[in-house]
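Engineer: Dropping the structure in here first, questions after.
The values are calculated or read from the model by the stated rules, or taken from the named source; none is laboratory data. Remember, it's a predicted structure, so these values are computed and weren't measured experimentally. Cβ coordinates were reconstructed from backbone atoms using ideal geometry, including for glycine residues, and neighbour counts include every protein chain displayed. Ligands, DNA and RNA are excluded from the accessible area calculation, which covers all protein heavy atoms including side chains. Shrake-Rupley method; radii C 1.70, N 1.55, O 1.52, S 1.80 Å.
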Amino acid sequence: MSNTATLEVNGQKHEFPLVKGTEDEVAIDVKTLRSATGGIITIDPGYKNTGSCESGITFLDGEKGILRYRGYSIEELAEKADFLEVAYLLIFGELPTKEQHDKFHADIKSKSVVDDDVRKIVDAFPKSAHPMGVLSSLTSALTAFNPSSVNVDSEEDMYNSVVKILGKFPVLVAWTLRKKNGLPLDYGDNSLGYVENVLKMMFKQPNEEYVQNKVIVDALDKLLILHADHEQNCSTSTVRIVGSSHAGLFASLSAGISALWGPLHGGANQAVLEMLEAIREDGGDTKKYMAKAKDKNDPFRLMGFGHRVYKNFDPRAKIIKVAADEVLADLGVEDPILDIAKGLEKEALEDPYFVDRKLYPNVDFYSGIIYRAMGIPTDMFTVMFALGRLPGWIAQWREMRLRKEPIGRPRQLYIGETHRAFKPISKR
Ligand code: SDX
């Protein structure tokens, strides 16, 4: 393979280096394009063909449906690792030894208390506030209570910022749910594992002991692993570009939470359940919704289907679909929504519209069914996605800072008015 690409424009040829990644992906390095061609740039709405960075964290192969974190397959990690191990792997690049794992968890626990004044911010929200808006606000507010987390020029400062947010974020997630449920805001229990502690903080009733359910603990641990990172998706790219201005980690994460909220991205898991409920209320008429999804004049999309990168099955969706069956059976939950989802999937996978466009179920299609069986309200599903994605966002932000990436500032193609003279209002 040649190691350059040639671009001919206005009769002039320009050579640009080809760069190859460790999985044999190839990119044209256009860093010098504008200066070499006297101002010509590329344009690529949605960055469908544009790489924003080189990264060693997560590898996706959309055609083959492959997902690996730091070289480990998602299937192995979901089966054999726990969420904190995966968080350590994503952030620091290697699976932790027992000592490293225990120290990491101890450091996280030591920083997991959230300043009591943050409760006043939670109290100020109406119960009807969407949990993603609450979570994004509280995450940004953490900066005010942890000013040292902004200028993290040393790796030590960065580590302290990382363990602080890994300790405090689950508290914010729990407070967001407890606010909705009118329950007192309290703290977890440092004698518990990371995921057990999340569940206890979310669901403990003030007048009862909280009894852990291993089925739910294992299911949530697996779901968080499956959501932990996904290379340069919309919210991760947001975290990286906000962080590239050297805004602090918490402010960058708050921006990522807002990006994840959108129904085309992480908000899809909530939209999937709302869609499945609507189909159920409509007597299970999946054909009507399939027709709506295919109708160009109808903005309705089959939520939980399609993906920018996967043009094959999303490997996470496969794992979650099996887990949904297992968790509902273990919990003795009969949920007609699951049958509707399976029926919809079968129809879509046989329908030329979806087959031709390579639209398969994605991570959001089945996840909500498990969250629902766990007793998590629908508008909290994307908050659970954010909890899972937290270590990935942190890892990507840390990589961007350690690699000293330049501030993100894309160019544009101007298509507005050319120069014109000002007219006084009397003459308009
Ligand atoms: C996540 O990027 C990531 O990695 C994200 C994520 C992560 O882990 O971070 O994987 C998490 O966000 C998963 C995606 C969740 N979103 C949804 O489920 C919402 C429904 N899906 C779509 O809106 C859509 O598929 C996207 C947004 C996910 C991807 O859209 P693209 O890549 O921009 O594709 P497109 O909009 O150009 O669609 C191509 C064609 C179009 O039809 P034509 O114009 O060619 O005729 O496919 C159609 C679209 O209309 N299409 C759909 C569809 N998705 C695409 N038609 C009906 N239903 C759908 N769901």
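Engineer: Per residue, how many Å² of accessible area does the chain show with a 1.4 Å probe?
Structural biologist: So the chain comes to 50 Å² accessible per residue, rounded to a whole number.
Engineer: Oh, and also: If the reach is capped at under 18 angstrom between alpha carbons, list the lysines near K13, excluding any in the same chain fewer than eight residues apart.
Structural biologist: K31
Engineer: Where a ≥ b ≥ c are the square roots of the eigenvalues of the C-alpha gyration tensor, would you call the stretch 33-149 rounded, which needs a/c under 1.5, or, failing that, prolate if a/b is larger than b/c, or oblate?
Structural biologist: oblate
Engineer: Could you check the spin-label model distance between K288 and E334? Points 7 Å from the Cα along Cα→Cβ, value in nm.
Structural biologist: With each label point 7 Å from Cα toward Cβ, the separation is 2.4 nm.
Engineer: Find the centroid of the Cα atoms in the stretch 364-422 and in the stretch 194-215, then give the distance between the two in whole Å.
Structural biologist: Going from one Cα centre to the other spans 29 Å.
Engineer: Here is a further query. Take E156 and E54, extend 7 Å from each Cα along the Cα→Cβ direction, and tell me the distance between the two endpoints in nm.
Structural biologist: It works out to 3.1 nm between the two label points.
Engineer: Estimate the FRET efficiency between R411 and D24 by the formula 1/(1 + (r/R0)^6), using the beta-carbon distance for r and 25 Å for R0, to the nearest 0.05.
Structural biologist: After rounding to 0.05, the efficiency reads 0.30.
Engineer: Let me ask another. Using a basic spin-label model with each label point 7 Å from the Cα along Cα→Cβ, how many nm lie between T97 and N312?
Structural biologist: 3.7
Engineer: Which order do you get for L331, L344 if you rank them by accessible area with a 1.4 Å probe, largest at the top?
Structural biologist: L331, L344
Engineer: Going down the table (K111/K404; K80/K214; K287/K346; K64/K311; K180/K204), which pairs top 18 Å between alpha carbons?
Structural biologist: Pairs exceeding 18 Å: K111/K404.
Engineer: Working only with C-alpha atoms, what are the Rg and Dmax values of the stretch 149-230, expressed in angstrom?
Structural biologist: My reading of the Cα-based Rg and Dmax gives 14.8, 45 Å.
Engineer: Additional query: Pairs of Cα atoms under 8 Å, at least six residues apart: use those to get the relative contact order of the stretch 88-182, whole percent.
Structural biologist: Answer for the stretch 88-182 is 38 percent.
Engineer: State the three equivalent ellipsoid semi-axes of the stretch 1-72, derived from the C-alpha gyration tensor as the square roots of 5 times its eigenvalues, in descending order and whole Å.
Structural biologist: After scaling each eigenvalue by five and taking roots: 28, 14, 11 Å.
Engineer: For a bin width of 20 Å, list the pair-distance distribution of the chain built from all Cα-Cα distances, rounded to whole %.
Structural biologist: With 20 Å bins starting at 0, P(r) equals 23, 53, 21, 2.
Engineer: Using the per-residue mean of other Cβ atoms lying within 10 Å as a proxy for protection, in what order, highest first, do the peptides 97-109, 8-20, 357-369 fall?
Structural biologist: Answer by packing, highest mean first, reads 357-369, 97-109, 8-20.
Engineer: Looking only at E23, E334, E54, which one moves most when the chain is put into a Gaussian network model with springs between Cα atoms under 10 Å?
Structural biologist: E23
Engineer: On the principal axes of its Cα set, how long, how wide and how thick is the stretch 42-108? Give whole Å, largest value first.
Structural biologist: 48, 25, 14
Engineer: Given a 1.4 Å probe and every protein chain left where it sits, what share in percent of the accessible area of the chain is carbon and sulfur?
Structural biologist: For the chain, the apolar C and S fraction of the accessible surface comes to 52 percent.
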